[in-house]
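Here is the structure we will look at, set down as structure tokens.
The values are calculated or read from the model by the stated rules, or taken from the named source; none is laboratory data. Please read all numbers here as calculations on a predicted model, not as lab measurements. All Cβ positions, even for glycine, are placed from backbone atoms using ideal geometry, and neighbour counts span all protein chains on display. Calculation scope for accessible area: heavy atoms of the full protein, side chains included, ligands and nucleic acids excluded. Shrake-Rupley method; radii C 1.70, N 1.55, O 1.52, S 1.80 Å.
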Amino acid sequence: MRKSILTASFSLLALAGGSAYADILVAIAGPMTGQYASAGDQIRKGAEMAIADINAKGGVLGQKLQLEVGDDACDPKQAVSVANTMVNKQIVFMHGHWCSSSTIPASDVYNESQIPMATVSTNPQVTERGLKNIFRIMGRDDQQGLVAGTFLAEHFKGQKIAVVDDKSAYGKGLADEIAKAMEAKGVKPVLRESITAGEKDYSGLVSKLKSSGVEVMAFGGYHTEVALILRQAQQAGLKLMVMGGDTMTNSELVTAAGPAADNVFFTFAPDPRKNPSAAAVVKKFRDAKVEPEGYVMYAYAAMQLFADAANAAKSTKYKDMEKAMRSGSFDTVIGKLSFDAKGDNKLPGFMVYQWQGGKYDYVKK
């Protein structure tokens, strides 16, 4: 009898010990399938590398990180479903989602369940709703729209400019901000149009652009639509310059648009690949045959943010993490991160880039 009690006690202690040393579950979510899956692939590669590096250094609070991946396909309803699944898995941190239209509804689920999240979604409403669990590691559309609109007004004087969006939370929000910034500089768009994302034929839009004498199109939306519009404009004999936002950082644009991709300007945060303190990580990605473009380094930085905040708080509990993230300053591969009361990055910054010969770089003034 005594032996049975001792065995049972030992089993309970073993279970307790196993629980204490279980992996810490963190997650990413975004378009892992669908037309924007290449962005999801960037996020996955960045997070996986970061977690491997963090675990190689001993993990967080003596425990290893384990990554959960959610696929929302940039669909708001699917994003809510993914969020609920992640809550049930008891993750302690989310980096996601990617499309603002997914991030906004999903963030309500994480907030209710007290799960902190980092995001690159740029629509102002991501942080304007007063949720305490959101930390944006990218800038906002009202910031990049100002940079893009000002650039258009100053660099394409006398040319006819159209402003087009894809009706998404991200696309329409960005296009509105670009148009506002242009008009503040005395330049009124000759056309203000919307398209439906995911269609294959934009010849109707191209015809309107051509008949209106448009030479430059400011576009709020994603790289897949820009590639199609450029190809169809070329077929119609229209040489079109495009100004887009941060989603144009994907080399899939070059594959789909061909040489016409050289006509694309866009706004994005300062290129983390040029950050001297990130050189070793950049080399590690390239040695692994991964070009750390677009959101790769941002996903890496999000996991750094989590690890450093948890270590500073000596806890992964929500209240401790939220306090540490809100009050701290964190060195990451994308630079120093600190957040204002809304959860916005205090040092957002946007630069203007152009694709040339299959690579993007800063526009030389």
Notebook entry, point to check: Non-local amide H neighbours of Gly220 (under 5 Å, H modeled in plane, Pro and chain starts lacking H): which ones?
Noted result: Val164, Asp165, Asp166, Ala175
Next item on the list: May I ask you to order 259-265, 141-147, 236-242 by the average number of other C-beta atoms within 10 Å around their residues, highest value first?
Entry: 141-147, 259-265, 236-242
Item checked: Relative contact order (%) - criterion: Cα under 8 Å, at least six apart; region: the chain -> 17 percent
Note to self: Through the Karplus equation 6.51 cos²θ - 1.76 cosθ + 1.60, θ set to phi - 60°, convert the phi angles of the range 118-124 into ³J(HN,Hα) values in whole Hz; use x for Gly and Pro.
What the structure shows: 9, 8, 9, 5, 9, 4, x
Item checked: Linear extension gain, Ser207 paired with Asp262, 0.36 nm per residue minus alpha-carbon span -> 17.6 nm
Next item on the list: At 0.36 nm per residue, minus the direct Cα-Cα distance, what do Asp23 and Glu128 gain on full extension? Give it in nm, one decimal, please.
Entry: 34.5 nm
Checklist line | Distance-filtered residues of the range 158-179 - backbone nitrogen under 13 Å, label point 7 angstrom along Arg192 Cα→Cβ | finding: 162-165, 172-179
Check: How far, in degrees from 0 to 90, does helix 2-20 lean away from the longest principal axis of the Cα atoms of the chain, to the nearest 10?
Finding: 20 degrees
Note to self: As a test of the formula, what do you get for the chain when each DSSP H run with n ≥ 4 contributes -39,500 (n - 2.57) and the sum is divided by the residue count, at 222 nm and rounded to the nearest 500 deg cm²/dmol?
What the structure shows: -14000 deg cm²/dmol
Note to self: Rolling a 1.4 Å sphere over the protein heavy atoms, what is the accessible area per residue of the range 142-268, to the nearest Å²?
What the structure shows: 38 Å²
Margin query: Using 0.36 nm times the number of residues separating Gln114 and Lys289, minus their current alpha carbon distance, what extension gain do you get?
Written below: 59.3 nm
Next item on the list: From largest accessible area down, sort Ser102, Ser338; use a 1.4 Å probe on the protein chains.
Entry: Ser338, Ser102
Note to self: Testing the spin-label approximation: label points 7 Å from Cα along Cα→Cβ at Lys319 and Asp75. State their distance in nm.
What the structure shows: 3.9 nm
Next item on the list: Report, in whole Å, the centroid distance computed from the Cα atoms of the range 56-86 and the range 104-134.
Entry: 15 Å
Next item on the list: Identify which of Ala52, Ala83, Ala301 has the largest mean-square fluctuation in a Gaussian network model of the chain, with springs joining Cα atoms closer than 10 Å.
Entry: Ala52
Item checked: Accessible-area composition of the range 180-336, carbon plus sulfur, in percent [1.4 Å probe] -> 52 percent
Next item on the list: Note down the accessible area of Lys323, probe 1.4 Å, to the nearest 10 Å².
Entry: 150 Å²
Item checked: At R0 = 41 Å, FRET efficiency that the Cβ-Cβ distance of Lys157 and Asp361 yields, to 0.05 -> 0.95
Next item on the list: Between the alpha-carbon centers of the range 193-265 and the range 296-365, tell me the distance in whole angstrom.
Entry: 30 Å
Next item on the list: Using only protein heavy atoms and a 1.4 Å probe, report how much of Tyr295 is accessible, in Å² to the nearest 10.
Entry: 10 Å²
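Would you work out the charge dipole size for the chain about its Cα centre, treating the Cβ of every Lys and Arg as +1 and the Cβ of every Asp and Glu as -1, and quote it to the nearest 20 debye?
On the way: 42 positive and 38 negative charges, 140 e Å.
Using Cβ point charges on Lys, Arg, Asp and Glu, the chain gives about 680 debye.
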Next item on the list: Report, by chain and number, residues whose modeled amide H sits under 5 Å from the one on Gln63, excluding near sequence neighbours (fewer than 5 apart, same chain).
Entry: none
Note to self: Could you tell me the relative contact order of the range 142-268? Use alpha-carbon pairs under 8 Å, at least six residues apart, and round to a whole percent.
What the structure shows: 27 percent
